[in-house]
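Structure first, commentary second.
The values are calculated or read from the model by the stated rules, or taken from the named source; none is laboratory data. Note that the structure is a prediction, hence the values are computed from the model and not measured. Here Cβ is always computed from backbone atoms with ideal geometry, including for glycine, and neighbour counts include all displayed protein chains.
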Amino acid sequence: MINDQKRFIQVEQCVLNQLLGKEGAFDIVSDVVIAQDFEAARHQVIYQAISDLAMDSKPYDEVMVADLLEERNQLNEECCPAGYFAQMNLVPSIAFSSLRNHAQLVKSRSIRRQSIAQMMYGIQKLEEGDNQTIEVNNEVMSAIANLEVGDTDNSCSRVGDLMGGMIERIAAARDGVNNFISTGFPELDNLMMIDAGNLVVVAARPSMGKTALVMNWLAHIAKYREGEAVFFSVEMPQEQVMDRLASAEAKVELTSIRKGQLSVDEWARMQRFVSDQESLPLTIVDEKDISIAKIRTHLNRIKREAGGKLSAIGIDYLQIMGGLDGQYKIDNIGKVTRTLKALGHEFGCPVFLLSQLSRDVEKRPNKRPIMSDLRDSGTIEQDADLITFIYRNDYYEQKEKGGSAKLDGSAEIILAKSRNGPTGTVRLGFEGQYARFANYMPMMSDLEDIPEYGSSHS
């Protein structure tokens, strides 16, 4: 028993060692354990300090934790001796990749201790002689069951209990009321029917407008949906993302913004944009090689600062995220997509994940993307709720014919996968000079080809 206890104390030390000074480590275990799950009282004190620092978006290395403990008068023999950190470093280390598994061991041990305590409580109640055996037994078993279930109890519901909510949703949808998340493009919304928690993959070849499309969506969601929208830009700095947002919203050419050559009218539109969007609940995170752990850390901080709610998450883009190189790239991409899908459910909002297409698209006469064009497509296709492709014929016409090409200013948004609905294609307008998409309107030169606008109406 003594050896068993000593072994688990070492497990706790290993967990704390990995947490101290490892950015993003806390987010890996924060949903597994709390301070009270640690058996050693000094470990509870250390973990609570780590947790508090992480919640304040502060580093939680050994120095910061020690300073906080000293500030709380806990850096002493009674709580946590100053030399204890050095003592913890003497235990065998564990791989960072196994941190969550070891945290789960700590949790299991905690549940065991609490279960034993509940049973001892039951024995004590029975020995008092004034309590009914069945009542005490039910009380104890219920308490132990709650330990095992934790906060997931609401995830289990009988079909009969769900019927009422289903009928209410159908009736609301019939009356035109639903919870689908609008992108600002009605025809596209009717096809995609985006739900909170959906993982939406937006894939295209370079220069097709992936970033522009998702930024258009996020700006719209930020305006009309409660909570903070967050855009993670792995590829370009904040300043460039901001230039694109301003160009799209103010309808000022992107090249004019970058050169600083604005007309009087364009300056007026920029000033209106600044005035109107100053309080726009949209956060841009510019961080290269960002990992899932860092994404979670940022989201938790932004959520706290935004009053506890996020409206949408955008990530640009999958293949250049941190930790996806090397021999196990495909497996790692699978872990990323699964985790991002879980994050969508955790934060109650859609996740828009940008992804590159393979070069095979360019080798075909018909360059409209298909599912097999997704780089590392297996895991992406499996985890995504919606997969959309962007295809602009204008792009290829310009490459092939140059100035002689007839351009219609349109883009096809191809919904190639929908977990809960039909697939199809929606045409949007593409205004490249403004880095924005718009509801499609045929160019005047094309009206003759449309029956209702043909020569009979001239």
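Every residue, every condition in (1) without any contact (Cβ under 8 Å) to a residue 24 or more places away in the chain; (2) charged (D, E, K, R); (3) on the phi > 0 side of the Ramachandran plot, yes or no:
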| position | (1), (2), (3) |
| --- | --- |
| Val241 | no, no, no |
| Glu253 | no, yes, no |
| Ser256 | yes, no, no |
| Ile295 | no, no, no |
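Consider the range 33-62 and keep the residues that are crowded, with 18+ Cβ neighbours inside 10 Å and of a type in the set (A, V, I, L, M). The one that is modelled with the lowest pLDDT is Ala54.
For Gln48, the conditions (1) more than 33 Å from the chain's Cα centre (by Cα); (2) in a helix (DSSP H, G or I) all hold with the exception of (1).
For the range 241-282, what are the residues that are in contact with a strand residue (DSSP E or B) (Cβ under 6 Å, 6 or more places away or on another chain) and either modelled with pLDDT under 90 or in a helix (DSSP H, G or I) (or both)? Talk me through it step by step, then tell me what you get.
Within the range 241-282, the subset in contact with a strand residue (DSSP E or B) (Cβ under 6 Å, 6 or more places away or on another chain) is 241, 248, 281-282.
Scanning the range 241-282 gives Val241, Ala248.
Only one of the listed residues (Val234, Val200) is under 17 Å from the mean Cα position of the chain (by Cα), assigned by TED's automatic domain parsing to the domain that holds Ile290, of a type outside the set (Ser, Thr, Tyr) and modelled with pLDDT under 90. That residue is Val234. Restricting the range 305-333 to residues that are at pLDDT 85 or above and among the charged types (D, E, K, R), the residue that is surrounded by the most Cβ atoms within 10 Å (Cβ to Cβ) is Asp316.
Test Arg205 against the stated conditions and say whether it is at pLDDT below 95, of a type in the set (D, E, K, R) and not assigned by TED's automatic domain parsing to the domain that holds Gly314.
On the way: at pLDDT below 95: yes; of a type in the set (D, E, K, R): yes; not assigned by TED's automatic domain parsing to the domain that holds Gly314: no.
The answer is no for Arg205.
What about Glu228, is it within 15 Å of the chain's Cα centre (by Cα), surrounded by 20 or more Cβ atoms within 10 Å (Cβ to Cβ) and under 30 Å from Glu412 (Cα atoms)? Against the criterion (within 15 Å of the chain's Cα centre (by Cα), surrounded by 20 or more Cβ atoms within 10 Å (Cβ to Cβ) and under 30 Å from Glu412 (Cα atoms)), Glu228 qualifies. Applying the set (1) at pLDDT 80 or above; (2) touching a Lys or Arg at 6+ places or on another chain (Cβ under 9 Å) to Gln104 leaves exactly one unmet item: (2). Looking at Ile221, is it surrounded by 16 or more Cβ atoms within 10 Å (Cβ to Cβ) and modelled with pLDDT under 90? No; evaluated as a whole, the condition is false for this residue.
The set of residues from the range 254-286 being of a type outside the set (Val, Ile, Thr), crowded, with 18+ Cβ neighbours inside 10 Å and under 18 Å from Ala435 (Cβ atoms) comprises Leu254, Met270, Phe273, Leu282.
One residue stands out in the range 243-281 among those that are over 14 Å from Glu431 (Cβ atoms) and acidic (Asp, Glu): the one that is farthest from the chain's Cα centre (by Cα), namely Asp265. Summed over the range 68-125, residues that are under 38 Å from the mean Cα position of the chain (by Cα), β-branched (Val, Ile, Thr) and outside any loop (DSSP other than H, G, I, E, B) total 2.
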